[in-house]
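Notes to accompany the following structure.
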Amino acid sequence: MPMKYMAGIPLAVKPVGWLHGILFMIFCVALLRALLLARWPITRCAGIFIAALLPFGPFLVDRRMTEWEKAFARNREGDGQAES
């Protein structure tokens, strides 16, 4: 955007815009896979999706993702010990 408005080069936005759009679509597919395969709650996926649309939203979700990952690892360890 700075190149478009400050430098007067509107063509610079097109490839970056396409790349941003493609990456966002990949993110949406990955989020859908997590919903279906990891059986995440729909509220978690909705919150992550909304955070992706907001400025600085992913930074807020990042801390929660770390907590969810640790809880998932604890649950997996518990499942492995129960089988032994």
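Tabulated values for the structure
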quantity: Within the chain: Cβ-based charge dipole about Cα centre, in debye rounded to nearest 20 (Lys, Arg +1; Asp, Glu -1); calculated: 300
quantity: Convex hull of Cα atoms in region 12-84, direction-averaged projection (nm²); calculated: 6.1
quantity: Portion, in percent, of the accessible area of the chain that falls on carbon or sulfur, probe 1.4 Å; calculated: 69
quantity: Accessible area per residue, Å², the chain with all protein chains present, probe 1.4 Å; calculated: 88
quantity: Ellipticity estimate at 222 nm from DSSP helix runs (n ≥ 4, -39,500 (n - 2.57)) divided over the chain, nearest 500; calculated: -27000 deg cm²/dmol
quantity: Span-rule helices in the chain, defined as complete DSSP H runs reaching 24 Å or more along the axis (Cα) with Kyte mean at least -0.5; calculated: 13-37
quantity: Charge context of Cys45, other residues only, Cβ under 12 angstrom, K/R +1, D/E -1; calculated: +3
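The values are calculated or read from the model by the stated rules, or taken from the named source; none is laboratory data. Owing to the predicted nature of the structure, the values given are computational and were not obtained by experimental measurement. As a convention, Cβ positions derive from the backbone with ideal geometry for all residues, glycine included, and neighbour counts pool all protein chains shown. When the accessible area is computed, the model is the full protein with side chains, heavy atoms only, and any ligands, DNA or RNA have been set aside. Shrake-Rupley method; radii C 1.70, N 1.55, O 1.52, S 1.80 Å.
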